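Scroll down for the structure; my scribbles are underneath it.
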There are 2 protein chains.
Amino acid sequence: MEKPTEYMGVKEIARRANVSIATVDRVIHNRTGVSKKTRTKIMAIIEELNYQPNILASRLASRKTLHLAILIPQSQETDFWAAPLKGIQRAESEIKQYGVQISPYHFDLSDKHSFAEQGKRILAAGVDGVLLAPSFLEEATQFSQDCQKNNIPFVYIDSTLPHQANLCYIGPPLYQSGYLGARLLTFGLARPGKVGVVNISKEVANYNYLPIEEGFRAFFREHQPEKEILRVDIGQTDYASVAAGLAVVLATHPDLAALFVTNSRVSTVATFLEATNRQHLLLIGYDFLPENVAHLRQGTIDFLICHQPEEQGYRGIMALYQSLVFSASIDKVHFMPIDIITEENHEFYRN
Amino acid sequence: MEKPTEYMGVKEIARRANVSIATVDRVIHNRTGVSKKTRTKIMAIIEELNYQPNILASRLASRKTLHLAILIPQSQETDFWAAPLKGIQRAESEIKQYGVQISPYHFDLSDKHSFAEQGKRILAAGVDGVLLAPSFLEEATQFSQDCQKNNIPFVYIDSTLPHQANLCYIGPPLYQSGYLGARLLTFGLARPGKVGVVNISKEVANYNYLPIEEGFRAFFREHQPEKEILRVDIGQTDYASVAAGLAVVLATHPDLAALFVTNSRVSTVATFLEATNRQHLLLIGYDFLPENVAHLRQGTIDFLICHQPEEQGYRGIMALYQSLVFSASIDKVHFMPIDIITEENHEFYRN
DNA sequence: CTGAAAGCGCTTACAG
DNA sequence: CTGAAAGCGCTTACAG
């Protein structure tokens with residue numbers, strides 16, 4: 001450790017401008033109560049010196065805590081949301097030393113109202129920024145507009161909404177993710193046979209993940225237009241429902257050769273294939289969940305696609321922090337990579 | 001932003017212990033000059049209060065700059081090393097506000113002596129920590145031991161050395177990476193034919209990447225022991241040499257169906273395959289370099305394997321920072337994930 | 001072995 | 001519209 005270079009701070013600016021440091025501070029923070037003339041002069045000096053405020057001193061002196069809220073689903077059924085939460089906690093532990101505090105608000109993925117309710121609680125609590133998963137179109141839109149009205153910056157993760165004032169979206173490029181899924185399917189599918197797209201979701205039209213199926217179909221349209229693609233919709237997420245749904249489809253289409261599950265429920269499908277001795281079917285699905293990984297190791301699931309959910313949580317918090325503390329400019333869209341996980345590389349994957 | 005909770009700092013500790021804050025400071029930093037009795041008493045209070053020093057105040061008051069050095073190859077031929085450098089710079093921009101300064105030292109990958117020389121310069125400059133690529137067995141061992149003697153923590157990236165006092169290794173699990181390469185090869189290789197492992201390197205025995213080939217061969221030994229694997233060694237990295245080497249092999253073994261290039265020079269092989277109309281050969285290689293990506297998009301390269309070199313640089317610096325500033329404990333080995341890059345997902349990959 | 005005091009670079013009332 | 005002064009929580013000579 002060694003001594004730094006000469007100091008170029010508010011004191012020096014004040015000296016050159018022949019004012020007090022309080023006035024310099026006012027200009028730096030764009031506060032009122034400075035004559036136009038003085039302001040101009042000080043700004044010129046700041047420019048000239050290429051002054052960078054000392055964040056350490058600034059945050060120490062101001063003694064302010066930054067309050068951030070997160071609004072994400074309660075972990076349930078699958079623990080997909082455990083990963084973003086972990087990333088959020090990692091971010092928190094890194095920046096809490098600099099005075100950041102994070103309050104979690106969880107909603108129930110099968111209850112729109114819980115989202116709206118928790119949103120209201122956040123607004124009432126009065127926070128400085130929000131990280132959210134905009135899982136319900138209408139409720140999330142409403143909440144986003146409320147945030148905007150209150151000048152609270154907000155960040156989307158996992159999925160996004162169009163035409164909102166979100167600071168940024170940090171999540172997967174869903175269309176291309178589905179497209180890659182189709183590519184992996186054909187890569188491993190030398191033999192003929194039909195392909196099934198499996199949607200397992202309680203919500204009739206889960207708008208969030210629609211682009212995945214679009215991308216999937218686009219690939220076949222472009223590369224194998226003659227390939228028959230079956231759509232398998234299963235409206236319940238329990239094993240019995242999934243098994244029943246698949247049994248029907250497989251009875252009707254015995255030449256089904258591959259299944260693409262559009263979300264993390266792929267393990268349920270894998271369990272069914274194992275139970276009915278159909279491991280030879282090619283199976284691809286989403287997310288690095290323990291039960292999915294177990295079937296990957298069994299060889300029943302051939303590929304898992306994953307979008308680094310932990311990193312989404314981490315980067316979402318960091319985007320808010322950088323924006324609020326350093327007034328850093330943030331890219332409106334930050335696409336996560338589309339990761340391919342196999343039996344061979346899974347042990348080094350970290351969400 | 002809101003007011004924080006009540007203060008629990010050195011002042012409070014000093015009050016409770018009935019000493020001055022200077023003495024408290026001495027205990028906190030484990031300095032000499034405190035009676036055993038006082039020390040014990042203060043430590044108990046610190047324990048009781050679960051005191052966490054305010055890093056902001058600490059670094060502001062100490063006015064010290066942390067000097068880190070990086071010792072990595074000069075970017076040349078390929079720009080593989082541009083990526084770690086980028087990650088290092090990203091880390092620097094994040095922590096320079098907290099008084100960290102990074103000095104780059106570059107060596108020539110085809111000149112061991114340049115490594116030793118730059119290492120000496122670093123030692124002479126007297127730094128607080130070093131991030132290095134231990135590219136030369138003997139020289140890197142020597143340098144590591146010198147660092148240890150001087151109590152300078154050092155971190156390895158990209159490859160590692162056994163039995164050294166490095167703070168940690170941040171890089172790929174090479175053996176498993178080669179193993180995955182073989183898996184991808186067989187996945188796409190429905191047809192029969194021989195498989196070639198291509199080593200393109202000026203160094204006769206590039207110890208760094210040997211485990212890749214071992215892992216590759218292990219997969220075939222375990223899954224397809226009858227498969228014939230050719231070894232193709234090319235001692236020069238220019239296109240003419242590579243083309244000549246490949247031409248000979250392909251003439252002798254016309255049934256060669258797939259090539260696995262153990263490093264980032266795979267684009268040279270791709271160029272040759274394109275020039276001789278052999279795009280149908282399966283081709284897998286390493287690293288997300290522009291020229292490799294170009295051949296991936298052409299379809300000549302089927303898969304690129306990559307180990308997030310930018311992240312290696314970033315995390316390497318952060319490990320040093322966390323260790324030096326926060327005395328954080330660091331995992332000795334941090335394996336990077338083994339990423340699979342295809343034509344379909346490459347645009348979202350960021351090293 | 002211990003303490004009083006100045007200072008790090010900035011922010012925040014408060015007074016004018 | 002502007003400034004003097006106290007203070008953020010810690011570190012650093014310096015004096016004893």
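A few remarks follow.
- Flag if A:Ile42 is touching a strand residue (DSSP E or B) at 6+ places or on another chain (Cβ under 9 Å), of a type in the set (Val, Ile, Thr) and more than 11 Å from DNA strand C (Cβ to nearest atom): no
- From the options B:Ser93, B:Ser103, B:Ser75, B:Ser110, residue that is in contact (Cβ under 8 Å) with a residue 60 or more places away in the chain and out of contact with any Pro (no Cβ under 9 Å at 6 or more places or on another chain): B:Ser110
- Where B:Ile330 falls short, out of the listed (1) open to solvent by 10 Å² or more (accessible area, probe 1.4 Å); (2) more than 17 Å from the chain's Cα centre (by Cα); (3) away from every other protein chain (no Cβ under 11 Å): (2)
- Of all residues in the range A:334-350 being facing another protein chain (nearest Cβ under 7 Å), among the β-branched types (Val, Ile, Thr) and over 15 Å from the mean Cα position of the chain (by Cα), the one that is nearest to B:Gln176 (Cα to Cα): A:Thr342
- Residue pairs meeting the criteria (Cβ under 7 Å; at least 6 apart or on separate chains; first under 16 Å from A:Leu49 (Cα atoms) and away from chain B (no Cβ under 14 Å), in the range A:18-33; second among the aliphatic types (A, V, I, L, M) and near DNA strand C (Cβ under 10 Å from one of its atoms)): A:Ile21/A:Val10; A:Ile21/A:Ala14; A:Val24/A:Val10; A:Val24/A:Ile13; A:Val24/A:Ala14; A:Asp25/A:Val10
- For the residues B:Ala328, B:Ala294, B:Ala275, B:Ala319, the requirement of being in the same structural domain as B:Ala133 (by TED's automatic domain parsing) and touching a residue at least 12 places away in the same chain (Cβ under 8 Å) singles out B:Ala319.
- Residue that is most open to solvent (accessible area, probe 1.4 Å), among those in the range A:48-98 that are within 26 Å of A:Lys11 (Cβ to Cβ), more than 10 Å from every other protein chain (Cβ to nearest Cβ) and not aromatic (Phe, Trp, Tyr): A:Glu48
- Matching helices (runs of 4 or more DSSP H) fully within the range B:6-76 where at least 2 residues are near DNA strand D (Cβ under 7 Å from one of its atoms) and under 30 Å from B:Arg121 (Cα atoms): B:55-62
- Meets criteria (farther than 29 Å from A:Ala244 by Cα and touching a helix residue (DSSP H, G or I) at 6+ places or on another chain (Cβ under 6 Å)) for A:Ile157: yes
- Exactly one residue among B:Cys147, B:Cys168 is in contact with a Lys or Arg (Cβ under 6 Å, 6 or more places away or on another chain) and closer than 25 Å to B:Tyr314 by Cβ, and that residue is B:Cys168.
The values are calculated or read from the model by the stated rules, or taken from the named source; none is laboratory data. Note that the coordinates shown come from a computational prediction; the quantities given were computed from them, not determined experimentally. Every residue, glycine as well, gets a Cβ built from its backbone with ideal geometry; the counts of neighbours run over all protein chains shown. These accessible areas exclude ligands, DNA and RNA; they are computed on the full protein's heavy atoms, side chains included. Shrake-Rupley method; radii C 1.70, N 1.55, O 1.52, S 1.80 Å.
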